[in-house]
1. Of the conditions (1) under 25 Å from G45 (Cα atoms); (2) aromatic (F, W, Y); (3) open to solvent by 40 Å² or more (accessible area, probe 1.4 Å), Y93 satisfies every one except a single condition; which number is it?
2. If a residue has to be of a type outside the set (D, E, K, R), closer than 30 Å to T36 by Cα and either in a helix (DSSP H, G or I) or open to solvent by 90 Å² or more (accessible area, probe 1.4 Å) (or both) to count, how many in the stretch 114-144 make the cut?
3. Quick test for you: out of I3, I61, pick the one residue that is open to solvent by 10 Å² or more (accessible area, probe 1.4 Å), of a type in the set (V, I, T) and either at pLDDT 95 or above or over 23 Å from K151 (Cβ atoms) (or both).
4. Could you tell me whether the stretch 70-84 includes any residue that is among the aliphatic types (A, V, I, L, M), open to solvent by 30 Å² or more (accessible area, probe 1.4 Å) and free of Cβ contacts under 8 Å to residues at least 60 places away in the same chain?
5. Determine, yes or no, whether D63 is free of Cβ contacts under 8 Å to residues at least 12 places away in the same chain and not in a strand (DSSP E or B).
6. With the requirement that a residue be part of a strand (DSSP E or B) and among the small types (G, A, S), what does the stretch 1-39 give you?
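The values are calculated or read from the model by the stated rules, or taken from the named source; none is laboratory data. For clarity, every value in this text was computed on a predicted model and none was experimentally measured. Here the Cβ positions follow ideal geometry from the backbone for every residue, glycine too, while neighbour counts run over all protein chains shown. Each accessible area value is taken on the protein alone, full model and side chains, heavy atoms only, with ligands, DNA and RNA left out. Shrake-Rupley method; radii C 1.70, N 1.55, O 1.52, S 1.80 Å.
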Amino acid sequence: MEIVYLAGGCLWGTQAFFKTIPGVVMTEAGRANGTTNHLEEPYDGYAECVKVEFNPQQVTIKDLMGYLFEIIDPYSLNRQGPDIGEKYRTGLYSKDQSHLDEAQAFINDRNDADRIMVEVKPLTNYVKSAEEHQDHLYKYPEDQHLCHVPKSLLNKYKK
């Protein structure tokens, strides 16, 4: 199994979406690549993200980037749907350089690569979100309207 950290705006919908992807074996809501040394609130400079453990025999980094691009506006900087701010930036973070290379190649191979605002960076730090944020949309489906990921996409790849 391998791990990447995917930032897709609000972590609730991002986690709910990636839980449905074949080859993804575990997700965890969290925050990545903050600018402070402490790993508790406030999460200065952190991106809301989802830790994604996946089986590389079933799903590739290119696949995961394709899925990420289904739920984000890749041209938007620090904004997804109604959520605005640095913590809602999009990206892929990893400690594995091959993941970063594959993600960057995915972007570079696009004819709109010069307009893409998705970060591809080494993971510098990560903190798991509070339990109330884990699988939030499963626990509180009435909060779906707060999320930029359409409900139809949350069921598109259901395992």
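1. (3)
2. 4
3. I3
4. Within the stretch 70-84, one or more residues are among the aliphatic types (A, V, I, L, M), open to solvent by 30 Å² or more (accessible area, probe 1.4 Å) and free of Cβ contacts under 8 Å to residues at least 60 places away in the same chain.
5. no
6. Listed by number, the residues that qualify are A7, G8, A29, G30, A32.
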